[in-house]
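The values are calculated or read from the model by the stated rules, or taken from the named source; none is laboratory data. In this text, all values refer to a predicted model and were calculated from it rather than measured experimentally. Using ideal geometry, Cβ is built from the backbone for each residue, glycine included, and neighbour counts are taken over all protein chains shown.
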Amino acid sequence: MSVRARLSAALPVAMKARDRVAVAALRSALAAVANAEAVPVDSAPRAGALEDAASGPGAADAPRRELTEDDVRALVVGEVEDRDRAAAELAGLGRVEDAARLTAEADVLRTALAS
């Protein structure tokens, strides 16, 4: 099973369990993947004269980028590293509860990567 599929499958389970930490981590990681697939602004369709416009539903849509499994894995690893780094900073500032929450979120993502 792909990393994205594991993240997607874990989300409803976490929601049913009312695990706010897991839900936040999973939603954030899935959003990062979706954002990475977005069409770059410079290649998006441009507006122009009405008579030159594409017509019909989806006629002006641009295809999204397709990420490889390695791309998705790298994004999630980056999410884990960001949380670990932020947790260390917060712990250094004495914000132990916030640091613990970020560490717990990183652990949720680590589990998805390891499965």
Taking region 1-36 and keeping only residues that are among the β-branched types (Val, Ile, Thr) and farther than 13 Å from Val72 by Cα, one is left with Val13, Val21, Val23
Can we say Ser8 is among the polar types (S, T, N, Q), at pLDDT 95 or above and either closer than 27 Å to Ala114 by Cβ or not in a helix (DSSP H, G or I) (or both)? yes
What are the pairs, 6+ residues apart or on separate chains, where a residue within region 98-115 that is more than 13 Å from Ala29 (Cα to Cα) has its Cβ under 6 Å from a residue that is of a type in the set (D, E, K, R) and surrounded by fewer than 22 Cβ atoms within 10 Å (Cβ to Cβ)? Ser115/Arg6
Flagged in region 23-43 as assigned to a helix (DSSP H, G or I), surrounded by 12 or more Cβ atoms within 10 Å (Cβ to Cβ) and either polar (S, T, N, Q) or touching an Asp or Glu at 6+ places or on another chain (Cβ under 8 Å) (or both), in numbering order, are Ala24, Ala25, Ser28, Ala29, Ala32, Ala36
